[in-house]
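> One structure coming up, written as structure tokens, with questions to follow.
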Amino acid sequence: MTIFTSLFLMSCGVTTKLPVSQTVPAADIKVNVKQDKSKNYTILLTAKNLASPNRVDSQYNAYVVWINTKENGTKNIGQIINSNAKTVKQKFSTAFIPTEVTITLEKSGNVSSMSEKVITTSKLN
């Protein structure tokens, strides 16, 4: 990562709007990634009109946020806490450099591999 890119991420971060989901088309989801003073990455997720997971599919209880990283593969960074809220804002933190974000439906939030129920995914700018 160049010094310029590091400084840019530290100062204002990069916001990425995730593609419209075929499963939850009303959801409007954005993520902002920035690096903090400790060299960790903070990911602020904002989701509007995101239905509760069990309303999308009664077999699932959680939305899980995954990142693909430059050198450490795919990581579960946490669960979106949502109960049909108009807007959900949630912060995640990781020591790994995120290159892509994916949101999946899962039966629980503490899974170690992704289900095939992908809500949306995007490379990070």
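> Kirkwood Rh and Cα-based Rg: tell me the resulting Rg over Rh for the range 6-125, rounded to two decimals.
Numbers: Rg = 13.7 Å, Rh = 14.4 Å.
My calculation of the ratio gives 0.96.
> Let me ask something else about it. When the scattering of the range 46-113 is computed by the Debye formula from its Cα atoms alone, each counted once and equally, what is log10 I(q)/I(0) at q = 0.12, 0.22, 0.27, 0.28 Å⁻¹?
Reported log10 I(q)/I(0), two decimals: -0.31, -0.94, -1.21, -1.25.
> Still on this structure, please answer the following. So what is the accessible area of the chain per residue, in Å², with the probe set to 1.4 Å?
Values: 7100 Å² over 125 residues.
Counting only protein heavy atoms, the per-residue value for the chain is 57 Å².
> A follow-up question, please. Which trypsin sites (Lys or Arg not before Pro) in the range 6-99 sit in a loop by DSSP (not H, G, I, E or B) and have at most 15 other Cβ atoms within 10 Å of their own Cβ? Don't jump to the answer; show the numbers that get you there.
Numbers: sites: Lys17, Lys30, Lys34, Lys37, Lys39, Lys48, Arg55, Lys70, Lys75, Lys86, Lys89, Lys91; in loops: Lys37, Lys39, Lys70, Lys86.
Here the trypsin sites (Lys or Arg not before Pro) that fit, given the DSSP loop and packing criteria, are Lys37, Lys39, Lys70, Lys86.
> For each pair in Lys17/Lys37; Lys37/Lys89; Lys86/Lys123; Lys37/Lys75; Lys30/Lys123, compute the distance between the two Cα atoms and list the pairs where it is over 20 Å. Walk me through the numbers on the way to the answer.
Working: Lys17/Lys37 25 Å; Lys37/Lys89 22 Å; Lys86/Lys123 25 Å; Lys37/Lys75 22 Å; Lys30/Lys123 12 Å.
From the list (Lys17/Lys37; Lys37/Lys89; Lys86/Lys123; Lys37/Lys75; Lys30/Lys123), the Cα-Cα distance tops 20 Å for Lys17/Lys37; Lys37/Lys89; Lys86/Lys123; Lys37/Lys75.
> With the crude spin-label approximation of a point 7 Å out along Cα→Cβ, what separation in nm comes out for Arg55 versus Thr121?
Simple spin-label model gives 2.6 nm for this pair.
> Compute the projected area of the convex hull of the Cα atoms of the range 29-69, averaged over all viewing directions, and report it in nm² to one decimal place. List each step's numbers first, then the result.
Details: hull surface 15.5 nm².
Mean shadow area of the hull around the Cα atoms is 3.9 nm².
The values are calculated or read from the model by the stated rules, or taken from the named source; none is laboratory data. On a predicted model such as this, the values are computed, not experimentally measured, just so you know. All Cβ positions, glycine included, derive from the backbone under ideal geometry; neighbour counts span all protein chains shown. Note: accessible area is taken over every heavy atom of the protein model, side chains too, but ligands, DNA and RNA are not part of it. Shrake-Rupley method; radii C 1.70, N 1.55, O 1.52, S 1.80 Å.
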